[in-house]
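Engineer: Before I ask anything, here is the structure I am working with.
The values are calculated or read from the model by the stated rules, or taken from the named source; none is laboratory data. Note that the coordinates shown come from a computational prediction; the quantities given were computed from them, not determined experimentally. FYI the Cβ positions are ideal-geometry reconstructions off the backbone, even for glycines, and counts take in every protein chain you see.
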Amino acid sequence: MVAVLAGGTGGAKLARGMLDVVAPEDLCVIANTADDVEVYGVHVSPDPDLVALWLADLIDERGYGLRGDTWEVMTALAAAGRETWFRLGDRDLALCLGRTELLRAGRRLTEAQAAVLEALGVRARVLAMSDEPVRTHVRAGGRWWPFQEFMIVAGAEPAVEEVDLWGIERAAPSPEVLEAIADAEAIVIGPSNPVISIGPILALPGMLQAISDAGAPTVAVSPFVGGRSVKGPTEAFCAQAGIAATAQGVADAYAGVIDGVVADEPVSGVAGLEIDTLMDSAEARARVAAATLDFARSLSRP
């Protein structure tokens, strides 16, 4: 089995590529839930849902919504004078409603997310990193912002001054996450933002120990292609955290966790696989996924 740690578009693309090289039942994606938000009376899990949409081949042309979705609810809310800065398509909202009903009935987030996967016809597992709430907050422009408001309302414009994970000390990896890590043949850290996407997963109490105890080779795919992040404000968050926007910076950030790095530039101090990591097509996603798995297997621990 392959366990992929993911958050955001890069991790979701790599997860989709994995489906071309491993069976769905052998793929488990552990997704960041520190970006979750409660809006319009529903619980939204952007990163797990993004991964699910990629795995279901239902991603839209924007790269983060349901293909062919409609927007009647948002139009009606705006006409009624309601704020609609966080836009959810009608079908997307329906998925969130289903998740919210289960949560209000006392089900765990892991169980509620499984219902979303079933509705989308996804056979691979996409696990919430934790059943307990963790929320990323960003201090920028002299004030604290909930993550989604910083990204959407503020446009990620103020310089990032600090990042805090509210509730992290009271959270833990779910039993399903710990089982997936323990059973993994390979653990892959996707090309996601090291600070706000992968950072919350690794910061969960017990997660680093679980990866260490698993004994599986752990490799990271750099989110930087040609010296830049492909999407999102990765450079800004890395700069605030003191992480160089290079493959070497990624290797240093994950030191002690990973056995190797996949990137389009060389690294030192850890095993490296230098390949073209741009995943701009189905063929490229499958190629990067296959090369990453082969590399991880070559690093198998005795």
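Engineer: So Ser192 fits all but one of (1) assigned to a loop (DSSP other than H, G, I, E, B); (2) of a type in the set (S, T, N, Q); (3) more than 21 Å from Leu50 (Cα to Cα); what number is the exception?
Structural biologist: It is condition (3) that Ser192 fails.
Engineer: When only residues in segment 113-136 that are in contact with a Leu (Cβ under 8 Å, 6 or more places away or on another chain) and free of Cβ contacts under 8 Å to residues at least 60 places away in the same chain count, which is surrounded by the most Cβ atoms within 10 Å (Cβ to Cβ)?
Structural biologist: Asp131
Engineer: If you don't mind, there's one more thing I want to ask. Within segment 1-32, how many residues are at pLDDT below 95 and touching a Phe, Trp or Tyr at 6+ places or on another chain (Cβ under 6 Å)?
Structural biologist: Number satisfying all stated conditions: 0.
Engineer: Further, regarding this structure: Mind telling me which of the residues Thr9, Thr75 ends up being buried (at least 21 other Cβ atoms within 10 Å of the Cβ) and among the polar types (S, T, N, Q)? First the steps, then the outcome.
Structural biologist: On the way: Thr75 fails: buried (at least 21 other Cβ atoms within 10 Å of the Cβ).
Just a single option satisfies the conditions, and that option is Thr9.
Matching residues to (1) out of contact with any helix residue (DSSP H, G or I) (no Cβ under 8 Å at 6 or more places or on another chain); (2) assigned to a loop (DSSP other than H, G, I, E, B); (3) in contact (Cβ under 8 Å) with a residue 12 or more places away in the chain:
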{"site": "Asp20", "(1), (2), (3)": "no, yes, yes"}
{"site": "Glu25", "(1), (2), (3)": "yes, no, yes"}
{"site": "Val29", "(1), (2), (3)": "no, no, yes"}
{"site": "His43", "(1), (2), (3)": "no, no, yes"}
{"site": "Ala52", "(1), (2), (3)": "no, no, yes"}
{"site": "Val73", "(1), (2), (3)": "no, no, yes"}
{"site": "Arg91", "(1), (2), (3)": "yes, no, yes"}
{"site": "Gly106", "(1), (2), (3)": "yes, yes, no"}
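Engineer: Give the residues of segment 137-189 that are part of a loop (DSSP other than H, G, I, E, B) and within 15 Å of Val37 (Cβ to Cβ), sorted by residue number. Can you show your working first?
Structural biologist: Keep residues of segment 137-189 that are part of a loop (DSSP other than H, G, I, E, B), which gives 141-142, 154-159, 167, 171-172, 174, 184-185.
Scanning segment 137-189 gives Ala154, Gly167.
Engineer: Sort through Ile201, Ile211, Ile243, Ile258 and tell me the only one that's in contact with a Gly (Cβ under 6 Å, 6 or more places away or on another chain) and crowded, with 16+ Cβ neighbours inside 10 Å.
Structural biologist: Details: Ile201 fails: in contact with a Gly (Cβ under 6 Å, 6 or more places away or on another chain); Ile211 fails: in contact with a Gly (Cβ under 6 Å, 6 or more places away or on another chain); Ile258 fails: in contact with a Gly (Cβ under 6 Å, 6 or more places away or on another chain).
Just a single option satisfies the conditions, and that option is Ile243.
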